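Worksheet: the structure to be examined is printed underneath.
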Amino acid sequence: MCLQKKFIDRHPRRRCTHCNGEVDQITRFETVPKVLAFAVDDASVIVSKKISIYDGETRLVFKLKGVVYAGDFHYISRVCVDGVVWLHDGMVTGKNCKYEGKLSAFNDSDLSTCNGKVLSLVIYSQK
């Protein structure tokens, strides 16, 4: 829902100079990218394990690949590979990642926060 609002951004106070109608800013892709990354600054946003975009002919599915969280002047991340979730916190695990479990075991709310930190960036890629 958050993405739908972002791709069709309503500007009711702006008016068309030709017809005086409301102006909408619609984001379109000439070529749909293979990777989508979204910076998040709204604590109410919930991470989805997959998103889809209809390109006019087919429905393109993007799967969750990573999430970055911020808090207390520190960033941590979850990396999703082949249905498995790995946690990276350089201050705790150094250059290693810690196994957290299968992605199917997480619900969308579980993915929106991590160790007291809040969602900052989410990354998806096409199948």
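We did not get these values from a lab; they are worked out from the coordinates using the rules stated. Here the structure is a predicted model, which means the values were calculated and not measured. When we count neighbours, we look across all protein chains shown, and the Cβ atoms used for this are built from the backbone with ideal geometry, even at glycine.
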### Query
Structure shown: which of LYS50/LYS95; LYS50/LYS102; LYS65/LYS98 lie over 21 Å apart, alpha-carbon to alpha-carbon?
LYS50/LYS95
## Note on the structure
Shape call for region 30-126, from the Cα gyration tensor axes a ≥ b ≥ c (a/c under 1.5 means rounded, otherwise prolate when a/b beats b/c, else oblate), comes out prolate
### Query
Simple spin-label model, 7 Å along Cα-to-Cβ: VAL35 to TYR75 in nm?
1.3 nm
